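The values are calculated or read from the model by the stated rules, or taken from the named source; none is laboratory data. All of these numbers come straight from a predicted model, not from anything done at the bench. Cβ placement follows ideal geometry from the backbone for every residue including glycine, while neighbour counts extend to all protein chains displayed. Heads up: the accessible areas ignore ligands, DNA and RNA and are worked out on the full protein's heavy atoms, side chains in. Shrake-Rupley method; radii C 1.70, N 1.55, O 1.52, S 1.80 Å.
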Amino acid sequence: MTSKLLASNLRHHLTKSSQILRLSTAAAAALPEHDGNTSSGRTMKGVRISGRPLYLDVQATSPVDPRVLDAMLPFYLSRYGNPHSRTHFYGWESDEAVEHARAQVASLIGASPKEIIFTSGATESNNISVKGVMHFYKDKKRHVITTQTEHKCVLDSCRHLQQEGFDVTYLPVESDGLIDLEKLRAAIRPDTGLVSVMAVNNEIGVVQPVEEIGRICKDFNVAFHTDAAQALGKIPIDVEKWNVSLMSLSGHKVYGPKGVGALYLRRRPRIRVEPQMNGGGQERGIRSGTVPTPLVVGMGAACEVAMKEMEYDEKRISSLQQRLLNGIRGKLDGVVVNGSMERRYVGNLNLSFAYVEGESLLMGLKEVAVSSGSACTSASLEPSYVLRALGVEEDMAHTSIRFGIGRFTTEAEIDRAVELTVQQVEKLRDMSPLYEMVKEGINIKDIQWAQH
């Protein structure tokens, strides 16, 4: 009786939504049935736009690949057992699915499934790695090395350790965003317990020389952790070549679901961590809590798809990146790429536009979903700490825009983004007295501004 009622309700809902579903499953899911907006546009957070913006913010999160969703759905609807239930079929099939997903994740990074610990995301994996290692080896190891351009969760974990009495060295980066390997070598001490350097920077997309860093850490017998959330499924990863001891991974950056991630924890030579959460002892006691089977299955499926399509995605996204950059530079001067162009993940293009106010540029680009490299959308008007670490001047750091290109980005979207960006920058420059002065040949850096 219950199943008949459920089927009836489902048919009613699908019939009601059929017109929306014909357009786009993803778009329909995001549209409320009664949102009070007219067909001429919609208003959200005080901003009125004509329709859903183009999505070019893949570094923030990626859409779920339909193949991933297909793999997940049965574990929401019919195979809903707890994977830790050992006494019946529902638990057994969920456990089998979790172990299959573990193998899929391990395969993408060249690891053993026994070295994969499922977590809630890269932030949790980073916390376990940084704090967990140092807490476990605290009697002998009191020093951590990281970089000034790490993700906030690594930097905040390091600050937490400093409050507990540990020493932390924050390595500077060069103007291209890469670390100096000799500075890393010189910073290692006898009591250094961990080196943590992210593989691909989330803001500027530069790819650190992870293999060389791993070699240095191996020479000094120091544990090496890398935050590979932005690298997974986008560049080839081999934990043996990289010589990493720990690696943080995220599901929703690789066209998987939000709320799931993984931690690679090397078995030989073994690295130990102190759990950051207590409970039922799941995931070898390192991450207690019921493993969310649908999410884990989704992450596994996303990794399998990425392994098959990484090479194709890279070629296609590289072509779109060039189309975007050439399109903007062909019509605008004073456009600077932040970070190395040689060692860079092609899907991340961080640009600064001279003589334009960053806040105005972002508001003008409301038809394109992009992120700013500055904190100009928050209460603070400080520019991005990553760009400051590169030595980018404050005025240019304030005007940075991060364009994120992904698997489902189209050429038409890139062309429209170029058109809107050029249009907005030209509009703002027409209103800028500084740009007028520059066009007249005046070096604005030589001007002595008077205070009133």
Quiz item: Straight-line reach from residue 131: which lysines have Cα under 21 Å away, leaving out those fewer than 8 places along the same chain?
Solution: 140, 141, 152, 218
Quiz item: How long is the gain from residue 50 to residue 426 if the chain were fully straight, where each residue apart is worth 0.36 nm and the alpha carbon distance is subtracted?
Solution: 133.2 nm
Practice problem: Pull up the cross-link candidates among the aspartates and glutamates for residue 439, meaning alpha carbon to alpha carbon under 12 Å and not fewer than 8 places away within one chain. | Solution: 333, 430
Quiz item: Quick one: length gained pulling residue 80 to residue 341 fully straight, 0.36 nm per residue minus the C-alpha distance?
Solution: 89.3 nm
Quiz prompt | Which of 224, 89 is most accessible, then next, and so on - probe 1.4 Å | solution = 89, 224
Quiz prompt | DSSP beta bridge pairing in the chain, given as percent antiparallel to the nearest 5 | solution = 60 percent
Quiz item: Roughly what % of DSSP beta bridges within segment 66-305 run antiparallel, to the nearest 5?
Solution: 40 percent
Self-check item: residue 88-residue 241 FRET efficiency (beta carbon distance; Förster radius 45 Å; 0.05 resolution)
Solution: 0.60
Practice problem: First measure r as the distance between the Cβ atoms of residue 366 and residue 415, then evaluate 1/(1 + (r/R0)^6) with R0 = 25 Å and state the FRET efficiency to the nearest 0.05. | Solution: 0.85
Quiz item: Which of the aspartates and glutamates could be linked to residue 183 by a straight reach, that is with a Cα gap under 19 Å, when you skip same-chain ones fewer than 8 residues away?
Solution: 150, 167, 174, 191, 211, 212, 219
Quiz item: Using the Kirkwood radius built from alpha carbon pairs, what does the Stokes-Einstein equation give as D for the chain at 4 °C and 1.567 mPa s, in µm² per second?
Solution: 54 µm²/s
Quiz prompt | residue 277 accessible area, assembled protein chains, probe 1.4 Å, Å² | solution = 80 Å²
Quiz prompt | FRET efficiency, residue 326 to residue 107 (Cβ-Cβ, R0 45 Å, nearest 0.05) | solution = 0.80
